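Right, one structure below, let's go through it.
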Amino acid sequence: MSVELKSFSSFINFNCSTVMATQDKISLKGTNIVSNVHNQVDEEVLVCNSTIVVANKNTVTEIGFNVDVTSDVRFVKLHFSLRGNYLHSCTNTTNFKVNVPEGCCNMFFVPVLPTVETYTGRHHKTLEVYITPQELAKIVGAEFGTDLKQFFSKITALEPAAYYKKSKQIPLKFKNQINEILQCKYTGSLKDNYLKSRLIVLLIDFLMKTVKPVAEEAIIAEQDYLALVKVEAYCNQNLKKKLTINHLSLIAGFNTTKLKRDFKKVYKTTIFKHITQLRMQKAKELIQEKGLSIAEVSYEVGYSNPQHFTAAFKKTIGYLPSKLIK
């Protein structure tokens, strides 16, 4: 029996800095969208001006939710699915959909509004950047690669367009940049300037492909690619556990040899080196956000011996974890 997702409405307002809300509707500038005591969609607006609106969702719902999106101007959206799955579909444009699974990112343009954003799963954590095409072109300047030329040609023709045909895995560099944005401790104008500068760097890295999320040359079937995304998401959510290649191959649905080979094609590193990177990134978050001790953090990311954790952290990150403790 299918369950209908709760629907909300969001207005991306590039020209207003006030919250506009009714019982069922709230602008993107709100702090949350409340349906009932059992279902709340928490959303924080990080940056807002006449050319760019940036928001972060971090919420837990029963099964997910829909958001009907409209705006006062046409926009390009850059979406990072840190937790949970995301689907963008058009109500007025036939068959145009953008699927961004957990751990992936994509950028797209939809000329006709409203559109529908569907978030499936229980836990959702995202970074969502709405930017006017004019501002995007201004940031990029004349450094158009082939993909960007094709993307902007469709924008000029007012045709729906996705930057990637298949959404790409978020590389560790981008995850670090996003965490710096979400963990910003500054306030006032200093916070505003810091976030704008960090977002520009993230946008340029994404557009110029200084780090390729998943290269097109990694020729693998879409079903196999999605299986690898599933494995990476499982690892990220179970860093406290012992992760074995045999168990991960069962999750992927193919043998260990194929898992190791295809994982390296897509993620540009071995599966266990990637797991170590995920563990160290999680350790940084636990120390900086929750103030855990080295012993507590080592246990939370799958190490029984704090000394082994400390050595792995220094080898991976480049400095001792104690440097993060204030």
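Just a few scattered comments:
- Note on the stretch 106-206: enclosed helices (runs of 4 or more DSSP H) holding 3 or more residues that are touching a residue at least 24 places away in the same chain (Cβ under 8 Å) and within 23 Å of Asn58 (Cβ to Cβ) are 172-182.
- Strands (runs of 3 or more DSSP E) wholly inside the stretch 30-80 containing at least 2 residues that are surrounded by fewer than 21 Cβ atoms within 10 Å (Cβ to Cβ) and modelled with pLDDT under 75: 32-36, 39-48
- The conditions of being more than 19 Å from Thr269 (Cβ to Cβ) and at pLDDT below 80 are not met by Ala137.
- Taking the criterion of being free of Cβ contacts under 8 Å to residues at least 60 places away in the same chain and under 24 Å from Tyr86 (Cβ atoms), the residues of the stretch 249-267 that qualify are Ile251, Ala252, Gly253, Asp262, Phe263.
- Remark: Phe206 matches the filter, which requires a residue to be under 22 Å from the mean Cα position of the chain (by Cα), modelled with pLDDT under 95 and aromatic (Phe, Trp, Tyr).
- Residue that is closer than 27 Å to Leu226 by Cα and either at pLDDT below 90 or β-branched (Val, Ile, Thr) (or both), where the choices are Ile275, Ile294: Ile275
Residues are listed down the side, and each one gets a yes or a no for (1) among the β-branched types (Val, Ile, Thr); (2) surrounded by 13 or more Cβ atoms within 10 Å (Cβ to Cβ); (3) in a helix (DSSP H, G or I); (4) at pLDDT below 90:
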{"site": "Lys282", "(1), (2), (3), (4)": "no, yes, yes, yes"}
{"site": "Ile287", "(1), (2), (3), (4)": "yes, yes, yes, yes"}
{"site": "Tyr299", "(1), (2), (3), (4)": "no, yes, yes, no"}
{"site": "Gly302", "(1), (2), (3), (4)": "no, yes, no, no"}
{"site": "His308", "(1), (2), (3), (4)": "no, no, yes, no"}
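- For the stretch 90-125, filtered to residues that are hydroxyl-bearing (Ser, Thr, Tyr) and at pLDDT below 90, the residue that is nearest to Phe8 (Cα to Cα) is Thr115.
- Among all positions in the stretch 230-239, there is no residue which is in contact with a Leu (Cβ under 8 Å, 6 or more places away or on another chain), modelled with pLDDT under 85 and not in a helix (DSSP H, G or I).
Condition check ((1) β-branched (Val, Ile, Thr); (2) under 24 Å from Ile170 (Cβ atoms); (3) touching a helix residue (DSSP H, G or I) at 6+ places or on another chain (Cβ under 8 Å); (4) not assigned by TED's automatic domain parsing to the domain that holds Gly103) across all residues:
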position: His247; (1), (2), (3), (4): no, yes, no, yes
position: Leu250; (1), (2), (3), (4): no, no, no, yes
position: His274; (1), (2), (3), (4): no, yes, yes, yes
position: Met280; (1), (2), (3), (4): no, yes, yes, yes
position: Lys284; (1), (2), (3), (4): no, yes, yes, yes
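- In the stretch 126-133 there is at least one residue that is among the polar types (S, T, N, Q), at pLDDT 85 or above and under 15 Å from the mean Cα position of the chain (by Cα).
- Note on the stretch 252-271: residues that are assigned to a helix (DSSP H, G or I) and either of a type in the set (D, E, K, R) or under 22 Å from the mean Cα position of the chain (by Cα) (or both) amount to 11.
- Checking Lys196, Lys175, Lys149, Lys185 one by one, the residue that is in the same structural domain as Phe11 (by TED's automatic domain parsing) and modelled with pLDDT under 90 is Lys149 and no other.
The values are calculated or read from the model by the stated rules, or taken from the named source; none is laboratory data. Computed from a predicted model, the values in this text were never measured in an experiment. When we count neighbours, we look across all protein chains shown, and the Cβ atoms used for this are built from the backbone with ideal geometry, even at glycine.
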